[in-house]
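Here's the structure we're looking at; comments come further down.
The values are calculated or read from the model by the stated rules, or taken from the named source; none is laboratory data. Note that the structure is a prediction, hence the values are computed from the model and not measured. All Cβ positions, glycine included, derive from the backbone under ideal geometry; neighbour counts span all protein chains shown. The area values use the complete protein model at the heavy-atom level, side chains included, leaving out ligands, DNA and RNA. Shrake-Rupley method; radii C 1.70, N 1.55, O 1.52, S 1.80 Å.
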Amino acid sequence: MPLERYKKYDRRDLRNLFEPQNREQVHLGRWQQSGIVAIPNTIGDYAFLVTFGAKQGDYTFEENIDENGILTWQSQSKNSLNTAFIQKLINHDEQISTIYFFLRTEKKGGYIYVGDLAYVSHDPIRENPVHFKWQILNFDREALEKVFPDLQI
C-alpha cells in the first residue's frame with residue numbers, strides 16, 4: 001500500500017504500511033500507544049500522529065499550521081530539552097531520515113497524511129513540553145484546506 005498525500009489512514013493501515021511483518025494486535029502495540037512512532041529498520045524515521053486541540057491533563061497543546069506550511073508542534077509534557085528523543089528531533093536532517101506527518105482535528109477517526117517534515121527550529125527556553133517549528137515539505141495549502149475546511153491557516 002503506497003502512502004498517498006491527503007488520504008486518510010487509521011493506525012492499523014499505518015502499521016501495515018510501515019511494519020507489514022508485524023502481526024501484533026494494533027490495540028496492544030506501539031501504533032496505538034504513541035503519537036510518535038519510530039519506523040523500524042530505519043535510521044531516524046518517524047510517523048507523527050497529531051491531533052489538533054489535544055489535551056494532556058489541564059494543558060491544551062497549541063498546535064497549528066501557518067500560510068507558509070510551518071507546523072507549530074509541541075512534544076509531550078514529560079520531555080525536556082535534554083531528553084534524548086528531543087535531541088534526535090532537534091538534530092533531524094530530512095536528507096537522511098523522514099518524519100511522516102499525519103493530522104486529524106478530532107479525537108476519533110483516522111489521520112490524513114499531510115506530508116513529510118523538515119526541522120526548522122525549537123524554543124530554546126520552553127520545555128515540558130518542548131516547542132518546535134517544522135516545515136511541511138512541498139506544502140499545498142489549497143489541498144490541505146479541502147481536506148480540513150475548518151482548519152485555520
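Annotations
- Of all the residues in the range 123-139, those that are within 24 Å of T98 (Cβ to Cβ) and touching a residue at least 40 places away in the same chain (Cβ under 8 Å) number 10.
- Those strands (runs of 3 or more DSSP E) lying entirely in the range 91-145 with at least 1 residues open to solvent by 60 Å² or more (accessible area, probe 1.4 Å) and either modelled with pLDDT under 95 or of a type in the set (V, I, T) (or both): 111-122
- When the residues of the range 20-62 are filtered to those that are out of contact with any Phe, Trp or Tyr (no Cβ under 8 Å at 6 or more places or on another chain) and acidic (D, E), the one that is modelled with the lowest pLDDT is E24.
- Scanning the range 1-18 for residues that are in contact with a Phe, Trp or Tyr (Cβ under 7 Å, 6 or more places away or on another chain), in a helix (DSSP H, G or I) and either of a type in the set (D, E) or open to solvent by 30 Å² or more (accessible area, probe 1.4 Å) (or both) turns up just one, R11.
- Selection within the range 38-68 - under 23 Å from L14 (Cα atoms) and in a loop (DSSP other than H, G, I, E, B): I39, P40, N41, T42, I43, G44, D45, F52, G53, A54, E63
- Output for the range 104-137, where each listed residue is closer than 23 Å to W31 by Cβ and of a type in the set (K, R): R104, K107, K108
- Any chance N64 is touching a residue at least 40 places away in the same chain (Cβ under 8 Å), closer than 18 Å to R5 by Cβ and loosely packed, with under 15 Cβ neighbours inside 10 Å: no
- Near pairs, Cβ below 9 angstrom, 6+ apart or cross-chain, from the range 87-115 (over 18 Å from L71 (Cβ atoms)) to any residue that is hydrophobic (A, V, I, L, M, F, W, C) and open to solvent by 70 Å² or more (accessible area, probe 1.4 Å): I96/I43
- Check on D58, among the charged types (D, E, K, R) and surrounded by 13 or more Cβ atoms within 10 Å (Cβ to Cβ): no
- Residue match in the range 69-82 (condition: open to solvent by 30 Å² or more (accessible area, probe 1.4 Å) and at positive phi): no
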